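J.: Shown below is the structure under consideration.
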Amino acid sequence: MYRIVKASHLADNIVRMDIEAPWVAKHCLPGQFLIVREDERGERLPMTICDYDRKAGTVTIVTQTVGAGTCRMAELQTGDAFMDVVGPLGNPSELVKTPIDELKKKKILFVGGGLGTAPVYPQVKWMHEHGIDVDVIVGAKTKDLVILEDEMKAVAGNLYVTTDDGSYGRSGMVTKVIEDLAAEGKTWDVCVAIGPMIMMKFCCLTTKKLGIPTIVSMNPIMVDGTGMCGACRLIVGDEVKFACVDGPEFDGHKVDFDLAMKRQAQYKTEEGRALLAFEEGDTHHGGCGLCGGDK
Amino acid sequence: MAKNMKRVPVREQEPKVRATNFEEVSYGYNEEEAVAEASRCLNCKKPRCVGGCPVSINIPKFIHQITERDFEGAFRTIQESSLLPAVCGRVCPQETQCEGPCVMGIKGEAIAIGKLERFVADWAREHHIVPEKPDFSTGKKVAVIGAGPAGLTCASELAKKGHDVTIFEALHEAGGVLVYGIPEFRLPKEEVVAKEVENVKRLGVKIQTDVVIGKSVTIDELLDEEGFDAVFIGSGAGLPRFMGIPGEQANGVYSANEYLTRNNLMKAFKGYDTPIHKGKKVVVVGGGNVAMDAARTALRLGAETHIVYRRSEAELPARAEEVHHAKEEGIQFDLLTNPKEILVDDADWVKGIRVIKMELGEPDDSGRRRPIEIPGSEYDIEVDTVIMALGTSPNPLISSTTKGLDINKWKCIVADENGQTSRKGIFAGGDAVSGAATVILAMGAGKKAAASIDAYLKTLD
């Protein structure tokens, strides 16, 4: 069993959990993910790693819940435990594998959409720890759903917070902020965008226009997470890739997002719709035509 | 008394009934049936059956013990060579191994060695007869990667020799293909697999689940920091293959690994949380045992099920018994047929599969006649689910994170027949070395490697 050392609410229905998982905590690097299984009946659910404490042997995940019943994970409290926590899985971010001297010469932009802010955080923190200042855009639907702002502020060079409804920070979606900052004269050598697929898709369309190479982190349906099942396959360029062993990060300008979104909607039933809306949470703006979230 | 040339038949669930449930197909022998079948054995002086067994079970001895109704003795005999007899008795291809060379098979039917092995194992389990932990210890530590057939066998052989063995398993449950791949109706999980895994633990073997070697910890760390003296890699097959035809990424296209894992390991059929797309009409592409397992699973989940295979019946790589069972249950075989394209609807869901008829030409490298397309013979089959059972290619997680561990051109780990890899102290066996094969071959490799590891550990003194 893997004990939840601390469970806390970051926002209305966004939960942060620090879990005892020594193997994962010892070896994980920014960009990697883990899989949890709550109990005997539970699914193996991939989760991005938001933070880790090697000494304490804990890893932090951030997840979103929508009321009782939708996801039993929502009810877990400090002191409860997961039956299984496996990882770290996938490859560390390309950036953390790049020599520091090279990174210091680059201007890097991180974009976190909604829950995607969580996996962006350890990358930005890693950059900060290595003396690299980066620009960070954090987007949420509304003020109450902005997460990890203080944590991010402490490690980002420049932090730009935006809300879709303008209730906090800048107004508009993250793509608008990218365009606005570019118009103000900002330039970047590389962008890392993580969030709901629809957000990553539009980020990539924007950065492609601006000529900024962009890395995205894919979080498709998975079962084992070690390459065995092939459920997480994606088309990147002209090749079939498995997100779990080849990714989760890919060249965003080459990812077939439309296919990825259709594949993600595979278990779309009434319940599945609720789950998808839950996964994408309040960063889900509808419009993908798949999940019914805009109906 | 002249020996009966015919086998004692084994009782099975009625095909029509079993096609709708996940209960075990074969009931196995009872005591009387087992004794009757065992007494057909000629107890040959030079038993050819033993030579056909990858783990060299003393077959004539245990069969003779059955005739004397010494079932516990029979179990102990088998256990000297194998800790997984209830598994092997069910899933080994005995017809090509122990039973293949049986003298009785020349004029009549070979002794049903597999069914007898299963009987003995089941009897022992029902009578709570379990292996005992050795009362000595060498103080040597061995890490075994993967709790599948190769790993479990290697671990139990090493534990019997007094070594301190820890198995690291990536999934949340021990068993490997025995739990994620082979379905419940061929190999009951709680009743059979879990119990045999328990027996391995009884020998003192520790099993740590949820550890992905190469990610959670590397082999070099196990050797350098965690105090292990040797490592055995039994990490199994790997990444599922696809055909590379249009439409393959559509929703409703599964690898057999995914389909079977959802159903077996994650227990979709029992209504656990992991969903499975049941399908109304399913096509399984491929002709091996995994294809049969996937097809028979889809059938039980309520679908009309077809096997699409590019060669003819004679070339089907699946065991004859599996093909026979599949047919009995109502699975349709579209032979000499090969997919060209998966047809999808607007939402990218499978709506059909375009196939082409094949004919057999000259033999290819595998010695089997090469299938050739018959021009203009394409036709469409309306289906909502396609399962690709085309085998696997090796998983790079371990080879890419272990310095100096050689792989061959197919990216399998290179190991000699004793399991020795290119790195001192690191051994390997099973599908990770051979590519996808059978449970018993993996067990045989695990057993051989255990002997080499034991010899290697002695050199460390």
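J.: State whether the residues of the stretch A:146-157 include one that is closer than 17 Å to A:S93 by Cα and open to solvent by 20 Å² or more (accessible area, probe 1.4 Å).
T.: Within the stretch A:146-157, none of the residues are closer than 17 Å to A:S93 by Cα and open to solvent by 20 Å² or more (accessible area, probe 1.4 Å).
J.: Right, next: Do we have any residue at all in the stretch B:162-183 that's within 14 Å of chain A (Cβ to nearest Cβ), in contact with a Ser or Thr (Cβ under 8 Å, 6 or more places away or on another chain) and charged (D, E, K, R)?
T.: For the stretch B:162-183, residues within 14 Å of chain A (Cβ to nearest Cβ), in contact with a Ser or Thr (Cβ under 8 Å, 6 or more places away or on another chain) and charged (D, E, K, R): present.
J.: Of the conditions (1) free of Cβ contacts under 8 Å to residues at least 60 places away in the same chain; (2) within 21 Å of the chain's Cα centre (by Cα); (3) buried (at least 20 other Cβ atoms within 10 Å of the Cβ), B:S216 satisfies every one except a single condition; which number is it?
T.: (2)
J.: If you don't mind, there's one more thing I want to ask. Looking at the stretch A:246-254, is at least one residue more than 30 Å from A:I137 (Cβ to Cβ), open to solvent by 20 Å² or more (accessible area, probe 1.4 Å), outside any loop (DSSP other than H, G, I, E, B) and of a type outside the set (A, V, I, L, M)?
T.: no
J.: Separate question: Restricting to helices (runs of 4 or more DSSP H) lying wholly in the stretch B:131-224: which have 2 or more residues that are within 27 Å of B:F75 (Cβ to Cβ)?
T.: Filter on the stretch B:131-224 gives B:149-160, B:177-180, B:194-202.
J.: Condition (residue is crowded, with 23+ Cβ neighbours inside 10 Å, under 21 Å from B:M266 (Cβ atoms) and away from chain B (no Cβ under 11 Å)) applied to the stretch A:20-42: is it met by at least one residue?
T.: no
J.: Same structure again: Based on what the data block shows, is B:A170 over 17 Å from the mean Cα position of the chain (by Cα), open to solvent by less than 30 Å² (accessible area, probe 1.4 Å) and not acidic (D, E)?
T.: It is true that B:A170 is over 17 Å from the mean Cα position of the chain (by Cα), open to solvent by less than 30 Å² (accessible area, probe 1.4 Å) and not acidic (D, E).
J.: Here's another thing I want to ask about it. Sort out which residues of the stretch A:203-242 are away from chain B (no Cβ under 13 Å) and in a strand (DSSP E or B), and write them in order of number.
T.: A:T214, A:I215, A:V216, A:S217
J.: If we scan the stretch A:47-60, do we find a residue that is more than 14 Å from chain B (Cβ to nearest Cβ), touching a residue at least 24 places away in the same chain (Cβ under 8 Å) and not in a strand (DSSP E or B)?
T.: Yes, the conditions are met somewhere in the stretch A:47-60.
J.: List, please: which pairs have Cβ atoms under 7 Å, are six or more places apart or on different chains, and start with a residue in the stretch B:86-99 that is more than 16 Å from B:V290 (Cα to Cα) and end with one that is part of a loop (DSSP other than H, G, I, E, B) and among the polar types (S, T, N, Q)?
T.: Final answer for the pair search is B:C88/B:S82.
J.: Something else: Out of the residues in the stretch A:75-118 meeting the condition of being within 14 Å of chain B (Cβ to nearest Cβ) and touching a Ser or Thr at 6+ places or on another chain (Cβ under 9 Å), tell me which one is surrounded by the fewest Cβ atoms within 10 Å (Cβ to Cβ).
T.: It comes out as A:D84.
J.: While we're on this one: Looking only at strands (runs of 3 or more DSSP E) that fall completely inside the stretch B:350-415, which ones have 1 or more residues that are more than 25 Å from the chain's Cα centre (by Cα) and surrounded by 14 or more Cβ atoms within 10 Å (Cβ to Cβ)?
T.: Once the strands (runs of 3 or more DSSP E) in the stretch B:350-415 are filtered for at least 1 residues that are more than 25 Å from the chain's Cα centre (by Cα) and surrounded by 14 or more Cβ atoms within 10 Å (Cβ to Cβ), what remains is B:350-363, B:369-373, B:379-381.
J.: Hey, does the stretch B:51-61 have a residue that's of a type outside the set (A, V, I, L, M, F, W, C), in a helix (DSSP H, G or I) and either open to solvent by 80 Å² or more (accessible area, probe 1.4 Å) or in contact with a Phe, Trp or Tyr (Cβ under 7 Å, 6 or more places away or on another chain) (or both)?
T.: For the stretch B:51-61, residues of a type outside the set (A, V, I, L, M, F, W, C), in a helix (DSSP H, G or I) and either open to solvent by 80 Å² or more (accessible area, probe 1.4 Å) or in contact with a Phe, Trp or Tyr (Cβ under 7 Å, 6 or more places away or on another chain) (or both): present.
J.: Could I ask something else about it? Looking only at the stretch B:245-264, which residues are at the interface with another protein chain (Cβ under 8 Å from one of its Cβ atoms), open to solvent by 10 Å² or more (accessible area, probe 1.4 Å) and either of a type in the set (K, R) or not in a helix (DSSP H, G or I) (or both)?
T.: Residue satisfying the conditions is B:Q249 alone.
J.: Among the residues of the stretch B:17-41, write down those that are part of a helix (DSSP H, G or I), open to solvent by 60 Å² or more (accessible area, probe 1.4 Å), touching a residue at least 24 places away in the same chain (Cβ under 8 Å) and farther than 14 Å from B:T67 by Cα.
T.: none
J.: Regarding the stretch B:337-355, can at least one residue be identified that is closer than 19 Å to B:I276 by Cβ, at pLDDT below 95 and acidic (D, E)?
T.: Checked the stretch B:337-355: at least one residue is closer than 19 Å to B:I276 by Cβ, at pLDDT below 95 and acidic (D, E).
J.: At the interface with chain A (Cβ under 8 Å from one of its Cβ atoms) and either of a type in the set (F, W, Y) or under 24 Å from B:R423 (Cα atoms) (or both): which single residue out of B:G227, B:G234, B:G214, B:G238 fits that description?
T.: B:G238
J.: Additional query: Is there a residue in the stretch B:289-304 that is open to solvent by 10 Å² or more (accessible area, probe 1.4 Å), within 14 Å of chain A (Cβ to nearest Cβ), touching a residue at least 60 places away in the same chain (Cβ under 8 Å) and in contact with a Leu (Cβ under 8 Å, 6 or more places away or on another chain)?
T.: Yes, the conditions are met somewhere in the stretch B:289-304.
The values are calculated or read from the model by the stated rules, or taken from the named source; none is laboratory data. This structure is a prediction, so every number in the text was calculated from the model and none was measured. Heads up, the Cβs are rebuilt from the backbone with ideal geometry, glycines too, and the neighbour counts pull from every protein chain shown. In case anyone asks, the SASA skips ligands and DNA or RNA and just uses the protein heavy atoms, side chains included. Shrake-Rupley method; radii C 1.70, N 1.55, O 1.52, S 1.80 Å.
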